[in-house]
Amino acid sequence: MEFSVKKGGTGTQIKGSFSRSACHMRRVPSAGSSELQLSPESPRVQSDAPPSSLHHSCAPLTPSGSSISLHHHHYQWIMPYLTQQTLTIQTQSENVTVVLRLSEMMKPESVLMHPLGTAAAPEPELLCIFGTGDLGRSLGQRLLQSGYRVVYGSRRPHSCGPLPQGAQVMSHAAAAAQSARLIFICIHREHYAFLETMAPHLEGKVLVDISNNLKKDMYPEANAAYLQRLLPDASVVKGLNTLSAWALQNGLLAGKQVFLCGDSAEGKQAVAAMSTKLGLTVLDKGSLSAARELEDFPLQLFPEWRLPLRVAVGLTAFFFFYLLIRDVIYAYVEQGKDISYRITMALGNKVFPIVSLIMLSLCYLPGVIAAFLQLYRGTKYRRFPDWLDRWMLCRKQMGLIALGFAFLHAIYTFVISTRYAVRHKLISRVVDEMKKNKTTPFDFDNTEAWGQDSFYMLGILGFFLYVLLGLTSLPSVGGSLSWREFNFIQSKLGHLTLIICTSHGYIYGWNKFLRPSTYKWYTPPGYMLCLVVPSVVLVLKALVLLPCVDRTLTRIRQGWERTQPNEEMVQATNLYVW
Ligand SMILES: NC(=O)C1=CN([C@@H]2O[C@H](COP(=O)(O)OP(=O)(O)OC[C@H]3O[C@@H](n4cnc5c(N)ncnc54)[C@H](OP(=O)(O)O)[C@@H]3O)[C@@H](O)[C@H]2O)C=CC1
Ligand SMILES: [Fe+3]
């Protein structure tokens, strides 16, 4: 922050320093130059607190009046020291511009030196809250801590229970009659009706509707719209309803995003300014007609996770029962063996990688479907079908669930060979071989060794890339990457991960594909089934990457259209363009 002071005067100069608790200024005999420079010790002061110390260098004052450019936060702080001076204080921030122009030339001897405490600081803004319930109390406490004055409107001002220290409480009408322009309605919607009787008191006020409902579509109109209908002369702003009393009380607000909507721009601006002071980040959602959308937000339960979770649960259930029948029940029925102990570990370690690989490929499938759709239509200016849109929007969640399953697979793989059943099988095999008097019980199969080593290598590499993809999908990591870097990792490395993991699956079954015993009850094994989707995705992706296809697709994505739209088509297309 830079300060420059130009002060009218005849060779007068001021030397001084400002600090939080004191101000020192003194006149210094003219040194002959013409400007007074104020240069703060810390060049960038962004906080609410005034600069801890501003040392002003000496310089004489010019005859043109004085001006100091300050951040508006410092304006209140510096004011007491500048009373009755010929000073222009200009503070510029997004929405505050304060210009004080005092008529006379600055007379340094008239600078009042007094501690900050005794200065006539402007009174903090008064805010009103209707309702002394959980939310009302927590909100009031937070507002008081942020430097506001708070007055409550209550049905029972004398018996409404403990309220935050420093707040006043009175009847609704008396509270509304106070100077507060913003009134927070912290009352359940069912009780709004009484507010209609108070219409004259609430005329011109900004009413902040924070209410939520217990479920969607409980009422024919949004709560805020209902409030506006009851009180047409007030400006209703819907917002802050995604906050909870608990978060307000515990101060967990910094950077939290809140939504606002309302028909009065001034009303919204006032609520936004207050919210910013509370440390919240405000997002304007437009007019009051968006109120229903805002009221539905707190009722949502992981909306973007719903589809991926359903897919994951569906696939897990399907493959679990499929493998249960093929492995455990088949062995019991056909061979009379009870291997049900495999349900817990062996079956799990088959289901998890299968679901993981299918879900990973489902992250990349919508991308290639979209590419083919654009190629088929010859334009990018037509909306994708809704199902494809929704699918594309939850790719990140699909990927993270796939990563979770891959983690489980990795952990299971570590312990699977240490199990009793495996050790027992191994030892019995050795003993059997010895009993049969074989001289070389441990024939070394080079191909088998190659196959297993490659299988593990691909598994480890695939898992590493999986984790890398997962990490870059975190907002804090992804945010630090450029778009090209992010795209490289999520697209190029993503497809590489898919290739490696699919190869891992192929190598697992490389010598089993043609064996008739693999197809128990004429069903293919799980790992074969799970290779279908990734293989299809990779083949389609390879087709998209063919130079002739890629060229056309790139042109389409740059805005080229195969057919010039005639008027009729434009009309039809307009329905799809977004
Ligand atoms: N609690 C939370 O975390 C959140 C709550 N909200 C919303 O805030 C609103 C208030 O919630 P909350 O504070 O939890 O609820 P409470 O039940 O704790 O408080 C509601 C307050 O409304 C007043 N009230 C009750 N009945 C009537 C009536 N018949 N006429 C007039 N006033 C009445 C009372 O205050 P008095 O006795 O002083 O008149 C009462 O304390 C609700 O709409 C809720 O959806 C929104 C986000 C989070
Ligand atoms: Fe594996």
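Each reported figure results from applying straightforward, stated rules to the coordinates on display, with no laboratory input. Keep in mind that what you see is a predicted model, and the values were worked out from it rather than measured. All Cβ positions, even for glycine, are placed from backbone atoms using ideal geometry, and neighbour counts span all protein chains on display.
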Considering only DSSP beta bridges with both partners in the stretch 126-299, what is the antiparallel share in %, to the nearest 5?
10
On a C-alpha basis, how far is the centre of the stretch 209-233 from the centre of the stretch 456-508 in Å? Whole number, if you could?
46
Please report the net charge: other residues with Cβ closer than 15 Å to the Cβ of residue 311, K and R +1, D and E -1.
+4
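Can you flag which of 238/380; 268/380; 215/285 are past 27 Å Cα-Cα?
Working: 238/380 37 Å; 268/380 37 Å; 215/285 21 Å.
Among 238/380; 268/380; 215/285, the Cα-Cα distance tops 27 Å for 238/380; 268/380.
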Give the separation of the Cα centroids, the stretch 342-378 to the stretch 272-328, in Å.
21
Name the residues whose placed amide hydrogens come within less than 5 Å of the amide hydrogen of residue 237, ignoring near sequence neighbours (fewer than 5 apart) on the same chain.
207, 208, 209
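Using packing as a proxy for protection, rank 294-300, 472-478 so that the peptide with the highest average count of other Cβ atoms within 10 Å comes first.
Result, highest mean first: 294-300, 472-478.
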Evaluate the charge dipole of the stretch 191-324 about its Cα centre and quote only its size in Debye, nearest 20, assuming +1 on the Cβ of each Lys and Arg and -1 on the Cβ of each Asp and Glu.
480
Using Cα positions and a limit of under 26 Å, work out the lysines in reach of residue 436, with same-chain residues fewer than 8 apart set aside.
337, 425
Determine the relative contact order of the stretch 281-421: mean sequence separation of Cα pairs under 8 Å and six or more apart, normalised by residue count, in whole percent.
32
With a 10 Å Cβ neighbour count serving as the proxy for reagent exposure, in which order, fewest first, do 203, 561 appear?
203, 561
The stretch 126-299, relative contact order [Cα under 8 Å, separation at least 6], %:
20
Would you kindly state how much longer the chain becomes between residue 421 and residue 196 on full extension, computed as 0.36 nm times their sequence separation minus their alpha carbon distance, in nm to one decimal?
73.4 nm
Let me check against my output: what whole-number percent is the relative contact order of the stretch 445-569, with C-alpha pairs under 8 Å and at least 6 apart?
25
Of 350/520; 435/520; 396/541; 396/512, which ones are farther than 27 Å apart at the Cα?
435/520; 396/512
